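The values are calculated or read from the model by the stated rules, or taken from the named source; none is laboratory data. Predicted model, so just to flag it, every value in this text is computed and none were measured. When we count neighbours, we look across all protein chains shown, and the Cβ atoms used for this are built from the backbone with ideal geometry, even at glycine.
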Amino acid sequence: GRILLTVVVIFRILIVAIVGETVYEDEQTMFTCNTLQPGCNQACYDQAFPISHIRYWVFQIILVCTPSLCFITYSVHQAAKQRERRCSFLHPLLDRDPRGAARRPPKPPETPKEEAPRGSKARRQEGISRFYVIQVVFRNALEIGFLAGQYFLYGFRVPAIFECGRYPCVKEVECYVSRPTEKTV
């Protein structure tokens, strides 16, 4: 699981860095509007692309990886805690009462044979499994949320001509996006 997460994160970062950067490197300089009004190009670009695609995708990678990193941290911590308990010199002393006498464990209540008492290892595995399922659901919800965000911010199609009537443009102007076909998802 840890190796797969690392490979996926590195792969996603490489895709964003290599492909995203080459496609979007000239985005603002090649975004031209048919007006000479000062500030109109920048205002229309800001309206067309409120957040940089590259920054949005990097933010997505960071947030989507966070639940997995939390799970890995939790599982490593649980394993270290268990190892520490097993190797502890104090382990035999934990079963003594404060007066120094050996404490007898309380007699367990009679249980039917089909209901065997669950050990701490089984409870720990159940906790780790539950945490894993929660982080997978949360990670997928984040992916779906970012896909919806991508759609509402930009859509899945980048238009070749963008009409803008934002201030300081005196009238509605047409702006042209460079390489719109490459940028269409």
Extreme residue, farthest from residue 31 (Cα to Cα), among residues of the range 148-159 that are of a type in the set (A, V, I, L, M) and out of contact with any Ser or Thr (no Cβ under 8 Å at 6 or more places or on another chain): 148
Index of the failed condition, residue 93 passing every other in (1) assigned to a helix (DSSP H, G or I); (2) at pLDDT 85 or above; (3) among the aliphatic types (A, V, I, L, M): (2)
Collect the residues in the range 1-18 that are at pLDDT 80 or above and surrounded by 13 or more Cβ atoms within 10 Å (Cβ to Cβ), keeping them in residue-number order. 8, 9, 12, 13, 16, 17
For the range 71-86, what are the residues that are in contact (Cβ under 8 Å) with a residue 12 or more places away in the chain and either of a type in the set (Val, Ile, Thr) or surrounded by 15 or more Cβ atoms within 10 Å (Cβ to Cβ) (or both)? 71, 72, 74, 75, 78
Subset of the range 158-184 (residues that are within 30 Å of residue 9 (Cα to Cα) and exposed (fewer than 11 other Cβ atoms within 10 Å of the Cβ)): 181
Return the residues of the range 38-59 that are in contact (Cβ under 8 Å) with a residue 40 or more places away in the chain, part of a loop (DSSP other than H, G, I, E, B) and either under 31 Å from the mean Cα position of the chain (by Cα) or surrounded by 14 or more Cβ atoms within 10 Å (Cβ to Cβ) (or both); say none if nothing qualifies. 49, 50, 51
Subset of the range 19-38 (residues that are over 17 Å from residue 182 (Cα atoms) and modelled with pLDDT under 90): 35, 36, 37
